[in-house]
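*Asks:* What follows is a single structure, and I will ask about it in a moment.
A short reminder: the numbers here are calculations on the coordinates, not readings from a lab. Nothing here was measured: the structure is a model prediction, and the numbers come from that model. Here the Cβ positions follow ideal geometry from the backbone for every residue, glycine too, while neighbour counts run over all protein chains shown.
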Amino acid sequence: MCGIVGLFLKDRALEPHLGALLSDMLVTMTDRGPDSAGIAIYGAPDPVRAKLTVQSPHPGRDFENLEHDLGAAIGDKVEVVVKDSHAVIGVDPEWLGVARAVLASIRPDVRVMSSGETIEIYKETGLPKDVVGRFDIRAMGGTHGIGHTRMATESAVTTLGAHPFSTGADQCLVHNGSLSNHNNLRRELVREGMTFETENDSEVAAAYLTAEMARGKNLGQALDGAVKDLDGFFTFVVGTRSGFGVLRDAIACKPAVMAETDQYVAFGSEYRALVNLPGIETARIWEPEPATVYFWEHEKAA
Ligand SMILES: NC(=O)CC[C@H](N)C(=O)O
């Protein structure tokens, strides 16, 4: 099992409601995966701030004075907004890489959930209702977002093993299924310089797409490659700064349903995730075809 939801907004009037809509969709999928839950939200880009979303098992200790300590270490202003076990660190885009390296040395227990201009990822063990509540996801606005509730198959039930996985700036992937060639692929990607946080198969799929996009492919082209290079079962929903993609393997035994209106494109593992979306009664509803790439992009941010 595992439950996936995704929402890509076309109508800006819905943007303030993204977090609430996605939260409700994800909670509907709770019985598909009780182990952990997570949500990626793509917000409005801020031209002067990039952000790292980080997690700590000891948030009180690690986040206290973090703004001061990190700012002093990199010699530039940083902003830290703490949300329960996560914190969003705002930093000048030029200092993002340095801030990440410094963070690893001054707060070794802190883990990076995502980095980029627009993405924030919140994920923890536990049920969707508790995870969306802890991080106040319902109050968040944004342009698109992806959620996942996990029933673990390939790696431990931990915060880092929760989906979405993010292996590149403003990129994320969620997965329902299990890959059969992830160990070989991981070794190849490590040889190319990628690093991994977990033994999870889905993290390998995320890193594969990151590596393909680093070679110059767009998300749609990278997903085309995944059909050929990834073995096993998968329904993937993936996000980039401006894009939203869906891909199922050639057998497509993991469920998926999509809906599109003038206002949004929505994904659910099951139709019940979509029933409360505005205008769903008149939406175009379909089951994504096996081995077929579906891909949308916000022109304004392309
Ligand atoms: N049940 C699933 O679809 C699991 C997804 C993935 N293989 C994981 O272990 O996280």
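*Asks:* For a quick check of your reading of the filter: which trypsin sites (Lys or Arg not before Pro) in the range 206-237 sit in a DSSP loop and have no more than 15 other Cβ atoms within 10 Å? Let's see the in-between values first.
*Replies:* Values: sites: R215, K217, K228; in loops: R215, K217.
Listed in order of number, the matching sites are R215, K217.
*Asks:* Dipole of the range 46-116, Cα-centred, from +1 at each Lys and Arg C-beta and -1 at each Asp and Glu C-beta, to the nearest 20 debye? Present the calculation step by step, with values, prior to reporting the outcome.
*Replies:* Numbers: 8 positive and 11 negative charges, 39 e Å.
Charge dipole, the range 46-116, about its Cα centre: 180 debye, nearest 20.
*Asks:* How much length, in nm to one decimal, is gained on full extension between S105 and R134, taken as 0.36 nm per residue of separation minus their Cα-Cα distance? List each step's numbers first, then the result.
*Replies:* Values: separation 29, 0.36 × 29 = 10.44 nm, distance 2.74 nm.
Roughly 7.7 nm would be gained on extension.
*Asks:* Using r as the Cβ-Cβ distance of R284 and D46, and R0 as 41 Å, what FRET efficiency do you calculate, to the nearest 0.05?
*Replies:* That gives a FRET efficiency of 0.75.
*Asks:* Through the Karplus equation 6.51 cos²θ - 1.76 cosθ + 1.60, θ set to phi - 60°, convert the phi angles of the range 14-29 into ³J(HN,Hα) values in whole Hz; use x for Gly and Pro.
*Replies:* Per residue, the Karplus-derived 3J(HN,Hα) values read 8, 4, x, 9, 4, x, 5, 5, 5, 4, 5, 4, 5, 4, 4, 8 Hz.
*Asks:* For the range 128-271, state the average projected area of the convex hull of the C-alpha atoms over all orientations, rounded to one decimal in nm². Working shown, then result.
*Replies:* Numbers: hull surface 36.6 nm².
Seen from a random direction, the Cα hull of the range 128-271 projects 9.1 nm² on average.
*Asks:* Taking every pair of alpha-carbon atoms in the range 46-116, give the share separated by more than 19 Å as a whole percent. Before the final figure, lay out the partial values.
*Replies:* Details: 483 of 2485 pairs.
Tail of P(r) above 19 Å: 19 percent of Cα pairs.
*Asks:* Another question, then. Going 7 Å from the Cα of E199 toward and past its Cβ, which residues in the range 122-163 have a backbone nitrogen under 11 Å from where you end up?
*Replies:* 154-157
*Asks:* Could you state the number of Å between the C-alpha centres of the range 264-302 and the range 127-180?
*Replies:* Distance between centres, Cα-based: 18 Å.
*Asks:* Label-point separation (nm) for E260 and V190, each offset 7 Å from Cα along Cα-to-Cβ?
*Replies:* Between E260 and V190, the label points sit 4.1 nm apart.
*Asks:* Next question, about the same structure. So, R0 is 25 Å and r is the distance between the beta-carbons of A214 and A291; what FRET efficiency does that work out to, to 0.05? Walk me through the numbers before you get to the answer.
*Replies:* Details: r = 24 Å, r/R0 = 0.95.
Between A214 and A291 the formula returns 0.60.
*Asks:* Based solely on C-alpha atoms, express the radius of gyration and the Dmax of the chain in angstrom.
*Replies:* Expressed in Å, the Cα Rg and Dmax of the chain come to 18.0, 55.
*Asks:* Counting only pairs 8 or more places apart or on different chains, how many lysine pairs in the chain have C-alpha atoms closer than 25 Å?
*Replies:* Lysine pairs meeting both conditions in the chain amount to 15.
*Asks:* Residues with beta-carbon under 15 Å from that of G116, excluding G116: net charge, scoring Lys, Arg +1 and Asp, Glu -1? Walk me through the numbers before you get to the answer.
*Replies:* Details: positive: R49, K51, R100, R241; negative: D46, D92, E94, E117, E120, D170.
It works out to a net charge of -2.
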